[in-house]
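Trainee: Here it is: the structure, laid out below.
The values are calculated or read from the model by the stated rules, or taken from the named source; none is laboratory data. From a predicted model like this one, the values you see are computed outputs, not experimental measurements. Here Cβ is always computed from backbone atoms with ideal geometry, including for glycine, and neighbour counts include all displayed protein chains. Keep in mind that these areas ignore ligands, DNA and RNA; they rest on the heavy atoms of the full protein, side chains included. Shrake-Rupley method; radii C 1.70, N 1.55, O 1.52, S 1.80 Å.
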Amino acid sequence: NAATGGSTINLNSLGAKTLVGMDGVQINANMMPANYRAILLYDGTNMVLINTPSTSGTYTPVATIVANLDSVAPTVAQYSRVGRYVSVSGSFTADPTIVASCQFRLTLPVASDFASNFQCGGVATGTADNVNPIAIYADATNNQAFFDWVTILTSNTTYFYIYTYLIV
């Protein structure tokens with residue numbers, strides 16, 4: 001079964017032992033997919049997951065406009081997950097309403113429960129001349145990637161991004 005919370009396992013009459021990753025962090029929801037063949041080592045206290053889950057693929061993120069944009073149109077993005085870390089790259093077209101601070105959120109390919117905005121980080125840049133870089137960080141309230149920049153353009157512009165986040 002997939003990990004659904006603070007996971008324990010009971011093997012060979014040892015009693016329930018906490019399942020942790022190589023970093024000592026308890027395995028919880030989203031950290032181990034269903035039907036994953038785990039290799040475990042008993043360290044005398046916990047069962048340690050030796051083989052870190054990894055996967056990759058594509059997904060179509062959903063955008064939610066937060067400020068000063070008429071539209072945001074993300075394309076199919078690609079992601080790669082290794083253990084508790086996910087890297088995402090893709091592109092989107094944004095149409096700012098005015099020269100001002102622009103903000104929107106994108107859904108994640110693998111769910112996370114962010115505790116701070118430092119658990120996701122990245123950058124985006126545009127194809128047009130005179131575009132400002134876009135900061136990408138965690139939206140801990142909505143558990144999404146937050147895109148934030150001051151635009152000097154009010155026309156449709158295509159941007160390319162990359163960010164990495166922690167599965168919490």
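Trainee: Looking at Gly57, Gly6, Gly83, which is the one that is in contact with a strand residue (DSSP E or B) (Cβ under 8 Å, 6 or more places away or on another chain), modelled with pLDDT under 85 and open to solvent by less than 50 Å² (accessible area, probe 1.4 Å)?
Mentor: One residue alone meets the criteria, Gly83.
Trainee: Out of the stretch 16-50, which residues are open to solvent by 70 Å² or more (accessible area, probe 1.4 Å), assigned to a strand (DSSP E or B) and either in contact with an Asp or Glu (Cβ under 8 Å, 6 or more places away or on another chain) or among the polar types (S, T, N, Q) (or both)?
Mentor: Matches in the stretch 16-50: Gln26 only.
Trainee: Determine which single condition Thr141 fails, assuming it passes every other condition in (1) hydroxyl-bearing (Ser, Thr, Tyr); (2) open to solvent by less than 70 Å² (accessible area, probe 1.4 Å); (3) in a loop (DSSP other than H, G, I, E, B).
Mentor: (2)
Trainee: Output the residue which, of all residues in the stretch 111-126 that are of a type in the set (Gly, Ala, Ser) and either under 19 Å from Thr158 (Cβ atoms) or in a strand (DSSP E or B) (or both), is modelled with the lowest pLDDT.
Mentor: Gly126
Here is a yes/no grid of residues against (1) hydrophobic (A, V, I, L, M, F, W, C); (2) in a loop (DSSP other than H, G, I, E, B); (3) touching a Cys at 6+ places or on another chain (Cβ under 8 Å); (4) closer than 30 Å to Gly21 by Cβ:
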{"site": "Ser71", "(1), (2), (3), (4)": "no, no, no, no"}
{"site": "Gln78", "(1), (2), (3), (4)": "no, no, no, yes"}
{"site": "Phe92", "(1), (2), (3), (4)": "yes, no, no, no"}
{"site": "Pro109", "(1), (2), (3), (4)": "no, yes, no, yes"}
{"site": "Ala128", "(1), (2), (3), (4)": "yes, yes, no, no"}
{"site": "Leu153", "(1), (2), (3), (4)": "yes, yes, no, no"}
{"site": "Ile162", "(1), (2), (3), (4)": "yes, no, no, yes"}
{"site": "Val168", "(1), (2), (3), (4)": "yes, yes, no, yes"}
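Trainee: Can you say whether Asp70 is charged (D, E, K, R), touching a residue at least 12 places away in the same chain (Cβ under 8 Å) and open to solvent by 40 Å² or more (accessible area, probe 1.4 Å), as far as the supplied structure shows?
Mentor: yes
Okay, residues lined up against (1) of a type in the set (Gly, Ala, Ser); (2) within 16 Å of the chain's Cα centre (by Cα); (3) closer than 17 Å to Pro133 by Cβ; (4) open to solvent by less than 40 Å² (accessible area, probe 1.4 Å):
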site	(1), (2), (3), (4)
Thr52	no, no, no, no
Ala77	yes, yes, no, yes
Ala94	yes, no, yes, yes
Pro109	no, yes, no, yes
Gly122	yes, yes, yes, yes
